Amino acid sequence: MQADAVGRGADIADVVVVGLGAIGSSAAWRLAARGLDVVGIDQHEPGHPWGGSHGRSRLFRVACLEHPGLTPIARRARDLWRELESLSGEELLLETGGIMIGAPGSRIIEGTLAAAREHGLPVEQLDAAAIGERLPALARLDPGDVAVWDPEAGVLRPEAAIVAAVDAARAAGARIRTGERVLGIEVDDVGDAGHAAVTVRLERGDVRARRVVVAAGPWLSQLTDLPVRPHRVVMSWFGAREGHDASIDRIPVFIRSVPGTAEWVWGHGALSGDLAKVGPEFDGPFDEDDPDAIDREIHPGDTERISELVAAAFPDLEPAPADLTTCIMAHTPDGQFVVGPTDASGRVVVAGGCSGHSFKHAAALGELAAQFATDEAPFADAAFLDPRRFAQAATGEPVARGHVHLA
Ligand SMILES: Cc1cc2nc3c(=O)[nH]c(=O)nc-3n(C[C@H](O)[C@H](O)[C@H](O)COP(=O)(O)OP(=O)(O)OC[C@H]3O[C@@H](n4cnc5c(N)ncnc54)[C@H](O)[C@@H]3O)c2cc1C
């Protein structure tokens, strides 16, 4: 693509990517890898702890209980994470296998099996006796609980993955601008999609482009009309009880119901030199927080419930957290991400809507954003992620509500 006269006076690019977090870093890489002139912008440095993508690990699963349509996206993401590993020389995805535990017919079990059935995944179903035999550290169960083993599950290193994607984007020719905040995005209402029709407003000089990919994570609703609600959450890590082993060999990636409660937790055992991680399912209702004014202090109320859940479910873990940090989750009304153009002109492509389970897919969501921004056919059916589905909300028609978070 060539810039045109419309953009004189501003920096010109084919595509601007706003936000270089989990998804935007990958979008910038995938666009630059196509030979486009890409400008990638972030208010912070890659791998920073102020958005939704820090905290040393993220779960990776292929039998995605949130929607069977996510399985091909997870698999494409895995290929891209592996490509980034070879470009960066860093280990980004550790495949450990993962277990989903719950009552027969529960969303954890049924959702996982639905994805497995639709895609012929090599999952294994376990009864309580088999869980006890194979994974005694996870065998505190409600009567009748069952499990599904996803051999393709694992753990991602989020900060290193983002740095690797930004480095790959830069190596492919993207111009990376960090420490700069996008103040607004303006789209010309005339002209065809061929010319530089989008202005990205910045303090230190605007950029004009044919297309913009907005991957602003918890800030998405500041730059678009999308109903993506940011919410403060706390991540917690736990040590092993005296004489017990809480390593990932004994506690693989899990999503599990907690015996005696209606709640779920997610996490994994300790990776070498680290602690086990356990988090609650964030099922709302949520306060909407300003992502620029998140309370970063830890308060006693932040840890009480997760300690009770850990005590109820994990015989090998010390229930008092050994480490804590705050993070921002961003929820959509139906708990599913958004990726795609916001209207028929295709000039603004959005990618985000976290809902607590998008990191594993981020490399492939970046690829989808690149495909939408270049009018290529998407590699997978992404209709269920179309951001325009929320336009219904504006017309007063009901918008489906679902469970919001998993990992
Ligand atoms: C506690 C927690 C646990 C999770 N666990 C899992 C898990 O186990 N597995 C999983 O798959 N997913 C998980 N997720 C979800 C996943 O981590 C997030 O969905 C994902 O990381 C969000 O990526 P993003 O690119 O949308 O946002 P971010 O990575 O936050 O990136 C947005 C970027 O945009 C930048 N930005 C925003 N506005 C501007 C602006 N105006 N100008 C310039 N830059 C801007 C920000 O600085 C930021 O770098 C979890 C989320 C949380 C919070």
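The values are calculated or read from the model by the stated rules, or taken from the named source; none is laboratory data. Computed from a predicted structure; not experimentally measured. Don't worry about glycine lacking a Cβ; one is built from the backbone with ideal geometry, like all the others, and counts go over all protein chains shown. All accessible areas refer to the heavy atoms of the entire protein, side chains included, with ligands and DNA or RNA removed. Shrake-Rupley method; radii C 1.70, N 1.55, O 1.52, S 1.80 Å.
For the range 54-60, backbone phi angles converted through the Karplus equation (6.51, -1.76, 1.60; θ = phi - 60°) give residue-by-residue couplings of 9, x, 6, 7, 9, 6, 10 Hz, Gly and Pro being listed as x. Under a model in which nothing but the beta-carbon of Lys, Arg (+1) and Asp, Glu (-1) is charged, the range 86-182 shows a dipole of about 540 debye around its Cα centre. In the chain, the DSSP beta bridges split such that about 65 percent are antiparallel, to the nearest 5.
Model label points for GLU159 and ASP274, set 7 angstrom from Cα along the Cα-to-Cβ axis, are 1.0 nm apart.
Full extension of the chain between ARG134 and ARG181 gives 11.9 nm of extra length, using 0.36 nm per residue less the Cα-Cα distance. Under a Gaussian network description of the chain, with springs only between Cα atoms under 10 Å, the residue in LEU309, LEU368, LEU59 that fluctuates furthest is LEU309.
Taking amide hydrogens as placed 1.01 Å from N in the peptide plane, the amide H of ALA216 sits under 5 Å from those of ALA351, each at least 5 positions away in sequence or on another chain. Over the chain, accessible surface divided per residue gives 38 Å², non-protein components excluded, 1.4 Å probe. Dipole magnitude for the range 1-131: computed about the Cα centre from +1 point charges on Lys and Arg Cβ and -1 point charges on Asp and Glu Cβ, it is near 240 debye. Loop-resident trypsin sites (Lys or Arg not before Pro) (DSSP state other than H, G, I, E or B) in the range 102-188 with no more than 16 further Cβ atoms inside 10 Å of their Cβ: ARG181. In the chain, a dipole from Cβ-located charges (positive for Lys and Arg, negative for Asp and Glu) runs towards its positive end, and of LEU220, LEU36, VAL265 it is LEU36 whose Cα lies farthest in that direction. Taking the Cα centre of the chain as origin and assigning +1 to Lys and Arg Cβ atoms and -1 to Asp and Glu Cβ atoms, the resulting dipole is close to 620 debye. Element breakdown for the chain at a 1.4 angstrom probe: carbon and sulfur atoms account for 50% of the accessible area. Counted residue by residue at 0.36 nm each, then reduced by the alpha carbon distance between them, the extension gain from ASP386 to ASP343 reaches 14.5 nm. When the chain is treated as a GNM with alpha-carbon contacts under 10 Å, the residue of GLU95, GLU376, GLU159 showing the greatest mean-square fluctuation is GLU376. With 0.36 nm allotted per residue and the present C-alpha distance subtracted, the ALA293-GLU90 stretch has 69.8 nm of extension available. Counting Lys and Arg as +1 and Asp and Glu as -1, what is the net charge of the other residues whose Cβ lies under 14 Å from the Cβ of ARG140? Spelling it out: positives minus negatives among the neighbours equals -2. Using the Karplus relation 6.51 cos²θ - 1.76 cosθ + 1.60 with θ = phi - 60°, the per-residue 3J(HN,Hα) values for the range 286-300 come to 10, 6, 9, 9, 7, x, 8, 10, 5, 6, 8, 6, 9, 10, x Hz, with x marking Gly and Pro. Think of the chain as having a plus end and a minus end, set by charges on the Cβ of Lys, Arg, Asp and Glu; of VAL163, THR325, SER57, VAL163 sits farthest toward the positive end of this dipole. The Cβ shell under 15 Å around GLY239 holds other residues with a net charge of -2, Lys and Arg each +1, Asp and Glu each -1. Each other residue within a Cβ distance under 14 Å of ARG117 adds +1 if Lys or Arg and -1 if Asp or Glu, for a net charge of -4. Loop-located trypsin sites (Lys or Arg not before Pro) in the range 285-381 (DSSP state not H, G, I, E or B) with no more than 16 neighbouring Cβ atoms inside 10 Å: ARG296. Springs between alpha-carbon atoms under 10 Å, Gaussian network over the chain: tell me which of ASP290, ASP386, ASP225 tops the mean-square fluctuations. Comparing ASP290, ASP386, ASP225 in a Gaussian network model of the chain, the most mobile one is ASP225.
Go ahead and estimate [θ] at 222 nm for the chain from helices alone: -39,500 (n - 2.57) per DSSP H run with n ≥ 4, summed, over the residue count, rounded to 500. Calculated mean residue ellipticity at 222 nm is -7000 deg cm²/dmol.
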